[in-house]
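Working notes, structure below.
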Amino acid sequence: MTPPADPNRVIVFDTTLRDGEQSPGCSMHLGEKLEMARALADLGVDVIEAGFPIASPGDFEAVRAIAREVRGPVICGLARCNPADIDRAAEAIKEAERPRIHVFLATSAIHREFKLRMTPAEVVARAVEGVKRARGYVEDVEFSPEDAARTELDFLAEVVEKAVEAGATTLNIPDTVGYAVPSHYAAVIRHLKQHVRGIDRCVLSVHCHNDLGLAVANTLAALQEGARQVECTVNGIGERAGNTALEEVVMALRTRHDFYDLSTGVNTRLLHPVSRKLSHITGMAVQRNKAIVGQNAFAHEAGIHQDGMLKERSTYEIMRPEDVGIARTELVLGKHSGRHALKQRVADLGYHLTDDQLNRLFEEFKKLADKKKEVYDADIEALAENQLQAGAVATWALAGFTSTAGTGSQTSAAVALRHADGSVRRDAAVGNGPIDALFKAIDRVTGVGVKVVDYRVRSVTQDMDALGEAQVEIEHRGRRSRARAVSVDVVEASALAYLEVVNRVAGRQLRDRLKPTDDLLAVPAPSNA
Ligand code: KIV
Ligand code: ZN
């Protein structure tokens, strides 16, 4: 990527789908990654790091699908400095409109000695080979000396200089373990600017982790020294304490333009919708007091503050909620709203649904609007997420259920499931509470036994007749799978979410049918169909 003509334009490199996704609890399946990538493109990020293609076939497929379908931003694939990684990354991104390969190799003494067991000279040689091989595939190559913040400054300067000579076009300086503090990190960037020949031909990039809570501060300090690419993730998700939060760095630059005189291409009005989308997809809630996108970020509780706000907003508000996409009035639609209004609202909330999905969503919306007087953005988001989740061909669909619960009585549930072959199969079970009984009854019908490792319910909005969202995470043969569903009935939402993950396992088992395994989908004979 050629550096932007405007020297004050900061390139936003989003790594939500790579560094963010590799952190516990944030994994996404292909459809979810594509949806996030489209939302990031709409948001106006310059680069999307779509994944680490050699890491798994799923990662490879996701990077390839994003490269094929998402237009606008540069699409980047990560690779270690070895031929197999680089070849795989090149294959995954080859259909991108603007492809980039990002190669990395650790440079700190601690990593050289204990992880790589390589001498400094070997590290330099490997970095050069990696950059050259990547340049054989694409013109846009980023090089990262992993753990740069703990690397001896002179050695760091030597490695990056060789990487520039070998053809790197972006030089990224990662604080891999979140060890840096702002003035230290700024000094590293200054040193490189002063001592690396050819550095001005490259974009200097920063990548900070938040172990000391300083990722955004370090990033801003580096920008003051001339870095012009920031690597960040939505909601700051990422390894351990996370990465630099995209929304925080973007809004710091915008709000303090007077101080930094730097700008980005991000449409800040989409920050809140994108943040909500990510937490819907991953199930990872944003802390209430999180800057920019937390629920309390624009709430004024103290009487003195409220009084000041009523007199003049700027007394206590440095940013306007609408500038980050928080609607002042959220109430949108009711039962008389038409298809067109709904379609527009869904698009405004950042969803890309097909006509079929929109039609199904409209039906769900009408049912909901019949039950609830007021339908909020959060309800529409939940219904749209439901459509995205329900993309795969399902082996089993919920045809009906009953569950009983009460003090002193044993809890039981009965389900009727429709199989893809059209037959309806029924069974019942008792359990510790209605959800346990329901899941057991589903297991009895499907024959797919999974272990539930996480289960949560929450209300989508705050009213008594709110939609309930259930999230279920299961483990099966060492693989985890997560799904969520919404309904006005949380027990039904739970059954739907559980069925979604059971269907994924059933689908995998069907694909593996020819392999001699002991848990092939044993579709039980209809019990009392
Ligand atoms: O934190 C890190 O060092 C990384 C590199 C791969 C850039 O994520
Ligand atoms: Zn990282």
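The values are calculated or read from the model by the stated rules, or taken from the named source; none is laboratory data. All of these numbers come straight from a predicted model, not from anything done at the bench. Backbone-built Cβ (ideal geometry, glycine too); neighbour counts: all protein chains shown. Side chains included, ligands, DNA and RNA excluded: accessible areas come from the protein's heavy atoms. Shrake-Rupley method; radii C 1.70, N 1.55, O 1.52, S 1.80 Å.
Brief remarks follow.
- Total formal charge among the other residues, if their Cβ is under 12 angstrom from that of A397, Lys/Arg +1 and Asp/Glu -1: 0
- Built amide H within the under 5 Å cut-off of R98, gap 5+: I75
- Phi to ³J(HN,Hα) by Karplus 6.51 cos²θ - 1.76 cosθ + 1.60 over the range 51-57, Hz, x for Gly, Pro: x, 10, x, 6, 4, 6, x
- Protein accessible area in the range 81-157, 1.4 Å probe - carbon and sulfur %: 52 percent
- Averaging the sequence gap over all C-alpha pairs within less than 8 Å and six or more residues apart, then dividing by the number of residues, gives the range 11-282 a relative contact order of 19 percent.
- Per-residue 3J(HN,Hα) values for the range 377-382, derived from phi via the Karplus relation 6.51 cos²θ - 1.76 cosθ + 1.60 with θ = phi - 60°, read 3, 4, 5, 5, 4, 5 Hz in sequence order (x marks Gly and Pro).
- Mean accessible surface per residue for the chain, computed with a 1.4 Å probe while every protein chain stays in place, in Å²: 44 Å²
- Share of alpha-carbon pairs per 10 Å distance bin for the range 315-424, given as whole %: 11, 30, 27, 20, 8, 3, 0
- Relative contact order [Cα under 8 Å, 6+ residues apart], the chain, whole percent: 10 percent
- Tensor-based shape of the range 16-63 (alpha-carbon gyration tensor, a/c under 1.5 rounded, otherwise prolate or oblate): prolate
- Largest first, the three principal axis extents of the alpha carbons in the range 31-122 are 43, 24, 21 Å in whole numbers.
- When Rg and Dmax are taken over the Cα atoms of the chain, they come to 25.4, 78 Å.
- Considering only the chain, percent of DSSP beta bridges that pair antiparallel, nearest 5: 50 percent
- Magnitude of the charge dipole, the chain, Cβ model with Lys/Arg +1 and Asp/Glu -1, debye to 20: 960 debye
- Base-10 log of normalised Debye intensity for the range 11-282 (one unit scatterer per alpha-carbon) at q = 0.12 Å⁻¹: -0.66
- Carbon + sulfur, % of accessible area of the range 177-286 - ligands and nucleic acids excluded, 1.4 Å: 49 percent
- With the cut-off at under 12 Å, measuring from each backbone N in the range 143-183 to a point 7 Å along the Cα-to-Cβ line of H191 picks out 148-159.
- Cα principal axis extents for the range 396-514, largest first, Å: 49, 28, 27
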